[in-house]
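One structure is given here, and the rest of the page talks about it.
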Amino acid sequence: MAKRFSIRQQTGFTAIAAACFVLLYLPIVVLVAYAFNDSTSVSEWGGFSLRWFVSAWSNVQVIDASLRSLQIASCAAILATIAATMAALATTRTQAYRGLTFKYAFINQPLMVPEIVTGVALLIFFAQIKVATGYSGLGYLIAAHTAFCIPFAYLPIRARLENMDLTLERAAADLYATPWKAFRRVTLPLLWPGIIAGLMLAFVISLDDVVITEFVKSGGQDTLPTYMLGQIRRGITPEVNAISTVFLLLSVVIVTLFFFLSRKRD
Amino acid sequence: MPDTPGKNAIEVRGVRKVFGTGEAQVAALDTVSVSIRENEFFTLLGPSGCGKTTLLRLIAGFDFPSEGEILLYGSDIAPLPPFKRPVNTVFQSYALFPHMTVAQNIGFGLEMLGKPRAEIDARVAEMLKLVRMEKLAKRRTSQISGGQQQRVALARALAPQPKVLLLDEPLSALDYKLRKEMQIELKRLQHETGITFIFVTHDQEEALTMSDRIAVMSSGKILQVGSPRDIYDRPAERFVADFIGETNFLDARIDSLDGGKAKVTLKSGASISATVADGFKPDGDATVVIRPEHAKAVKGQGDISGVVENVVYFGTDTHVHIKLDDGETFTVRQQNARGAGATFERGERVGVVIGDDAAQILKD
Ligand SMILES: Nc1ncnc2c1ncn2[C@@H]1O[C@H](COP(=O)(O)OP(=O)(O)OP(=O)(O)O)[C@@H](O)[C@H]1O
Ligand SMILES: [Mg+2]
């Protein structure tokens, strides 16, 4: 009798799986563990302590960079999600036509163009605007982050729209709902889980970005990742571990929160 | 077609609907004209892909005719988008809003029309009662059964009191028993509300039992419009006869033609008389159509003869499948009565007596 194929029974499956998990999670576990290290070395254990958390908390630069990161990520995520929602509606609620594929490519461009290219392009482009307008605030970073977050927000929203039964919108129209009301009362409530997923993805992607931020930021506009990168260049203390640990916790909380929110909406 | 006492709710005039372009072009509707009277239970009947849904979609406004016009109580509805047409649809998939309760679903149309809350609540309560769903008003639509969803879809479409209700195969997702119940329910609702129903089905039995009038469709055309009895007893075309109920077809030669009557000779040599469908002028060869219940199997000589191939017992009646001497098969349906009537064995030679007025000659 032929045994059913099961990937679990292949030789080496367990070993490869275990290796992947170790590679993924062990560094994070070590990082978190050493955040509680009393020594100034990132590799020698000197006993349990919260001193690096305290030190990070009282480091003005860290707090400053964190707040800036959150501010940029919130603005960029919201703007990107709005744009992505409109783009998703425009590309799914239409008859297929020539050029639609091109439109997908256009929206998803940031996924394909190397970040470094976008970074350089934006650097030059924004430099000219800066000269012309004299404005040098956070707007540039927010705009740049919004742009590269759009495809991340777009994908889950589009997926949700494509899976949505079109007859529901037709039924709304049939029951005297104007297009706007049909959208407000039927499409949007059903789209929420997708929008929330998009928002969450965009937020995390923005929070994480180094390359483009590095090119676009003016002096004194460090985000947490670029600040940490700068610190590491200068010699690294467990303070970086402590900051990373807090960040890790923050993203776990956000992801869990959004997960339950979107589940409830379903 | 005899025309219209009373008002027409819907008039479809020369409507064509073409999908695609160039080579890939299909005419989903090919110059369809039909009038649907006020308060009638009108059924569109036809096989899959014949254009039933397309016609409903044009009436509802989800799509537009390539040619022709559709009138609602005499006025052209072409300029009206779906949300301005006093026409509601019961969708095949029900399309209930999953994020709303049963009551919210039913009230949706009235809410969109901007009716005051009190009026909406009263009407929703009335509708819940009409479809016997009072107890489940607060449920999510995902938490009720298929039959209940069907009722909610009906109530939702009826609540705004549309001029015309469109029903696209609303019963096809239900099991046999529930479907029978809902057929009666639908008839009752139509009667009580007095709303014009346009009902789509590909189930001929459903069409015959429920409708005031039926339009039989095939590949984008309406072949015949008439009462169930008309359609069954006097099919205009071979397709209609074949699609509605069981039918026997026999090749024949026309000997003489006199108004609506013809004398024909069957392949077996038997000569019988047959009625000719209105407006059809056959010449030479023709196909004769005979319903199984209009013929009788006898021991001995009939108009035609053959060998019993199979006997199927159905409780109320028995179907006798006969292989005729010329190779065709012929089915006879006989009523069962306790202890009476002849029984037949497989392989037995029998004759078939074709009743007076049973045979019809139809356009192919
Ligand atoms: N949007 C469309 N694009 C192209 N062809 C279509 C479209 N809608 C329908 N058709 C074609 O038009 C014809 C009629 O379709 P329609 O849906 O009206 O059939 P139907 O009678 O409702 O069939 P069923 O009983 O299967 O629902 C079919 O051949 C179908 O392929
Ligand atoms: Mg259909």
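Assorted remarks:
- Checking B:Phe91, B:Phe83, B:Phe41 one by one, the residue that is more than 26 Å from B:Ala137 (Cβ to Cβ) and either assigned by TED's automatic domain parsing to the domain that holds B:Pro162 or more than 16 Å from ligand 1 (Cβ to nearest atom) (or both) is B:Phe41 and no other.
- Within the stretch B:62-83, restricting attention to residues that are among the acidic types (Asp, Glu) and assigned to a strand (DSSP E or B), the residue that is farthest from ligand 2 (Cβ to nearest atom) is B:Asp76.
- Any chance B:Pro47 is closer than 24 Å to B:Gln190 by Cα, in contact (Cβ under 8 Å) with a residue 12 or more places away in the chain and not hydroxyl-bearing (Ser, Thr, Tyr): no
- Positions within the stretch B:29-38 being surrounded by fewer than 21 Cβ atoms within 10 Å (Cβ to Cβ) and either assigned to a strand (DSSP E or B) or near ligand 1 (Cβ under 8 Å from one of its atoms) (or both), in sequence order: B:Asp30, B:Thr31, B:Ser33, B:Val34, B:Ser35, B:Arg37
- Which numbered condition B:Ile77 fails, given (1) within 14 Å of chain A (Cβ to nearest Cβ); (2) under 29 Å from B:Pro235 (Cα atoms); (3) touching a strand residue (DSSP E or B) at 6+ places or on another chain (Cβ under 6 Å): (2)
- Qualifying position, being crowded, with 21+ Cβ neighbours inside 10 Å and either assigned by TED's automatic domain parsing to the domain that holds B:Leu250 or among the aromatic types (Phe, Trp, Tyr) (or both), among B:Val307, B:Val289: B:Val289
- The helices (runs of 4 or more DSSP H) found wholly in the stretch A:60-156 and carrying at least 3 residues that are among the hydrophobic types (A, V, I, L, M, F, W, C) occupy A:60-92, A:100-107, A:115-133.
- For the stretch A:131-142, a residue qualifies if it is without any contact (Cβ under 8 Å) to a residue 40 or more places away in the chain and open to solvent by 50 Å² or more (accessible area, probe 1.4 Å), and the qualifying residues are A:Val131, A:Ala132, A:Thr133, A:Gly134, A:Tyr135.
- Considering each residue of the stretch A:243-250 in turn, none proves to be surrounded by 15 or more Cβ atoms within 10 Å (Cβ to Cβ) and touching a Lys or Arg at 6+ places or on another chain (Cβ under 8 Å).
- Tally of residues being free of Cβ contacts under 8 Å to residues at least 60 places away in the same chain, buried (at least 19 other Cβ atoms within 10 Å of the Cβ), at the interface with chain A (Cβ under 8 Å from one of its Cβ atoms) and not in a loop (DSSP other than H, G, I, E, B) across the stretch B:84-102: 0
- Pair list, Cβ < 6 Å and 6+ apart or interchain, from the stretch B:125-136 residues that are modelled with pLDDT of 90 or more to residues that are part of a helix (DSSP H, G or I): B:Met127/B:Ile106; B:Met127/B:Ala155; B:Leu128/B:Glu134; B:Leu136/B:Val102
- Condition check for B:Arg140: touching an Asp or Glu at 6+ places or on another chain (Cβ under 9 Å), open to solvent by 10 Å² or more (accessible area, probe 1.4 Å) and not hydrophobic (A, V, I, L, M, F, W, C): no
- 2 or more residues within 14 Å of another protein chain (Cβ to nearest Cβ) and surrounded by 18 or more Cβ atoms within 10 Å (Cβ to Cβ): qualifying strands (runs of 3 or more DSSP E) within the stretch B:149-233: B:164-168
- Residues being within 32 Å of the chain's Cα centre (by Cα) and either farther than 22 Å from B:Leu171 by Cα or not in a loop (DSSP other than H, G, I, E, B) (or both) - total across the stretch B:107-133: 11
- Test: residue in the stretch B:210-218 that is in contact (Cβ under 8 Å) with a residue 60 or more places away in the chain, within 16 Å of ligand 2 (Cβ to nearest atom), farther than 13 Å from B:Leu167 by Cβ and more than 12 Å from the chain's Cα centre (by Cα): no
- Checking each residue in the stretch B:62-79 for being over 26 Å from B:Val26 (Cβ atoms) and open to solvent by 40 Å² or more (accessible area, probe 1.4 Å) picks out B:Tyr73, B:Gly74, B:Ser75, B:Pro79.
- When residues of the stretch B:1-26 are limited to those that are within 16 Å of ligand 2 (Cβ to nearest atom) and open to solvent by 40 Å² or more (accessible area, probe 1.4 Å), the one modelled with the lowest pLDDT: B:Val26
- Close pairs (9 angstrom Cβ cut-off, 6 or more residues apart or separate chains): within 16 Å of B:Phe19 (Cα to Cα) in the stretch B:61-74, at pLDDT 90 or above and among the polar types (S, T, N, Q) anywhere: B:Phe62/B:Thr89; B:Asp63/B:Thr54; B:Glu67/B:Thr31; B:Gly68/B:Thr31; B:Gly68/B:Ser33
For every residue, the table says whether it meets (1) over 28 Å from A:Ser136 (Cβ atoms); (2) at pLDDT 90 or above.
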site: A:Leu168; (1), (2): yes, yes
site: A:Pro189; (1), (2): yes, yes
site: A:Ser206; (1), (2): no, yes
site: A:Gly219; (1), (2): no, no
site: A:Thr223; (1), (2): no, yes
site: A:Ile236; (1), (2): yes, no
site: A:Phe247; (1), (2): no, no
site: A:Val255; (1), (2): yes, no
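- Residue tally, condition open to solvent by 30 Å² or more (accessible area, probe 1.4 Å) and at pLDDT 90 or above, over the stretch A:193-202: 1
- Output for the stretch B:94-115, where each listed residue is closer than 21 Å to B:Ala60 by Cα and away from ligand 1 (no atom under 16 Å from the Cβ): B:Leu96, B:Phe97, B:Asn105, B:Ile106, B:Gly107, B:Phe108, B:Gly109, B:Leu110, B:Glu111, B:Met112, B:Leu113, B:Gly114
The values are calculated or read from the model by the stated rules, or taken from the named source; none is laboratory data. Owing to the predicted nature of the structure, the values given are computational and were not obtained by experimental measurement. Ideal geometry is used to build each Cβ from the backbone, glycine not excepted, and the neighbour counts take in all protein chains shown. We work out accessible area using only protein heavy atoms, side chains counted, and drop any ligands, DNA or RNA first. Shrake-Rupley method; radii C 1.70, N 1.55, O 1.52, S 1.80 Å.
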